[in-house]
Structures are given as C-alpha cells and as structure tokens.
Amino acid sequence: MPRTSSVVLAAGAALLVRRAVRRRIATSPLWPMPALETPISGQGGRRVPSLRLAVAERAVPAEGVALLRLESPAGTPLPEWQPGAHLDLVLPSGLVRQYSLCGDPADRATYTVATRLIEDGRGGSREVHEELREGAELVVRGPRNRFPLTEAPSYAFVAGGIGITPVLPMLRAVEAAGAEWRLLYGGRSRATMPFLDEIEKLGGERVTVVAEDESGLPDAAAFLAGTGEGAAVYCCGPEPLMDAVATALPEGRTLHLERFTPGASTAQLGTFEVELRRTGRTLTVPAGRSVLATVRDELPNVSYSCEQGFCGTCQQRVLEGEIDHQDELLTDAERQDSMLICVSRCLGRKLVLDL
C-alpha cells in the first residue's frame, strides 16, 4: 500500500520510521545530494567548463515537448550530477539556454533534457525543436545545481507542465531511498504532460494529476494541508503556481523553488551610476533599463545571452558598490564580488565594474 502523509503514527513509531528512512537514504548511491557548483562566467576572467556533445536520440514525450539524449562523440563518461541539476546548452546560434536534467544520474553515458516549445518566446526553445536533430553537436556547460534535493522526514512535490523535469529524478531518488513522498502534477491537458505514465506507475495513489481541461487549476493549499511536520516542499512551474504554493505553505515545512524567470527586482525603478574603471567612463543607468543595455551602448562587444539571469554569460566583476542580486545562478561566494549585469542592479547610488 503506498504511504501517504495522512498516515498517523504514534510518536515513538514515527521516530523509528524517520530513523530507518535516514539510514536507507544514507546508504543509497544517490545520497547525500550536495549542490554541484560549477563556475560559469562571461567576461569575469574565470574559465568556463564545457563539453561538446552529440544528440544521440530525439523524442516527443508529450505534445509540444522535445526530449534530447546527449552523449560524448568519443564515448567518454560524462560528469556526475544529482537530482535538481541543469545544463547550459550553447545553441548553434550562440544563444545559451538552461534545461533541467531529467534522466538517471547513474547513467554516465548520456544526459537527458526536455523542453517545451514557447511560441512567443525569445527563440531558444524553437531552435531546440527545429535545429537539434539526431547527430547534431553542441556545446554544453555544467552540470550545475541550484535546486538540490536535501534530506527530510517526508517530501511534497508540486510541478506544473515542463516543471516536472527537475522533479522527476527527485521522485526516483526518494522512492529508491524508501522515503515518504507525494506529488501534485498539473498541466493544460494530459497530452501535454511529459512522463505522465512513468510517474503514475511510480507513485500510484501518491500522485495527484490535475489536467486543466478536465479539472481546472491545481489546489495547492489542499494538497499542502496533507503534508507532515518538517516536510520538504519542492516546486517548479509557472510563476502563479509557485506563488500559490508559497502562499499556502504550512508552518514547519521548508520550500524549495526552481524558477523559469527571475524574480522581481526591489530596485527596478532606481537610477544609479556605473563606472567602467578600465574604460574610464561613468554611465547613468535609468529606471527601467538594465545595466547590460547601458554598458553595451559604450562597449557593444560585452557578451550576453539569456538576459534573464540564468546563463552567466554577462557576469562581471564588481570593484565597488552594493549589488541588488536578481539572478538565479551565482553562488553566495561569487556574489561577493560579481554580478550578472542583465538583471542585477545597484542598491545604492553607484557601482564600479572591472570593465
């Protein structure tokens, strides 16, 4: 019988169960799960680790979704990764896009990613769907993990549409470890929801599937009300879904989010100055305009790609000033003296960049 968080155990029995789960987790080959932090940078001067991989297989796991299996043309083992990790794909056009790894971490021969076609997007997903066929080669960077799976007494996962990709390896890991878990998986229709058959077989009654064309929007509050004290809640999907999960989160649970887009800046309306120390110019960054756009007026060759704070191409060293970090990439250590100028701004009146 599948376990759910509604099972009531006496305090002593519950403690024994948690200890047993922790022992299984500790001995599982997928645990512990540290974040794999790979330095990625643009003009900051640090080396950007990369691999050239080939598309070994292309599939369509759901309507509007392309799945790619990537392998080394030389057949060499690929770097290790853990659930929650993603790759930077450097597309043939030069665009850099980030996709969660959704395969098996034990498989060192291939990386698996999946992406939904965004009709009104900025071109990255369309290029993946139209250009990356079997045999095509491309450069990837990573893996890197800003969404690591941590040890907890139980787990609640909420995924919307293609947001299932970082969650799927987590489900396999917690199931293999014997941990208690539940999943709320929503999408526009069942036909558009990738990996649905595998997930329903894996989780049985622990999986709640909500197709919008059948049942409307997922009820995050009702789902989270069934989570136990100390549960880790993982969510990836559209912003409204993540906002609903954050709002409905009961006390005593920890929330982990993987965003598709950067969060709103606390300083979007502020005007400030940026000094380009090596260039010898000081520029004014007006309200509503990015540091990147302003700097490129003076230095048009400054590298950039995603313009959303995910890829790291525009990372620059900061010599002076207080940074309003709005990226989803840099580590705490990197944030001490660098920023992604496509999204981050200044909390004061002036920043000095090593440009």
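Taken together, the values in this text are just the output of simple stated rules run on the coordinates, not laboratory data. Model, not experiment: these values are computed from the prediction. As a convention, Cβ positions derive from the backbone with ideal geometry for all residues, glycine included, and neighbour counts pool all protein chains shown.
Segment Thr247..Arg277, full-extension length gain: 6.5 nm, with 0.36 nm per residue of separation and the alpha-carbon distance subtracted. The fraction of Cα-Cα pairs per 5 angstrom bin, counted from 0 for region 126-210, comes to 3, 11, 22, 18, 17, 14, 9, 5, 1 percent, rounded to whole percents.
For region 51-144, the alpha carbon positions stretch 36, 23, 22 Å along the principal axes, listed from largest to smallest. Between Leu202 and Ser93, the distance separating the two model label sites (each 7 Å from Cα on the Cα→Cβ line) works out to 3.2 nm. Per the Debye calculation on region 272-353 with a single equal scatterer at every Cα and no solvent contribution, log₁₀ I(q)/I(0) for q = 0.13 Å⁻¹ amounts to -0.33. Along each principal axis, taking the top coordinate minus the bottom one, the Cα set of region 207-355 gives 59, 33, 24 Å in descending order.
Near Phe157, the amide H atoms lying under 5 Å from its own belong to Arg182, Leu183, Leu184, Tyr234; only residues 5 or more places off or on other chains count, and H is placed 1.01 Å from N.
Between region 285-318 and region 113-181, what is the C-alpha centre distance in whole Å? Cα centroid to Cα centroid, the span is 27 Å. Calculate the FRET efficiency for Ala293 and Ala176 from the Cβ-Cβ distance with a Förster distance of 51 Å, rounded to the nearest 0.05. With a Förster radius of 51 Å, E is 0.65.
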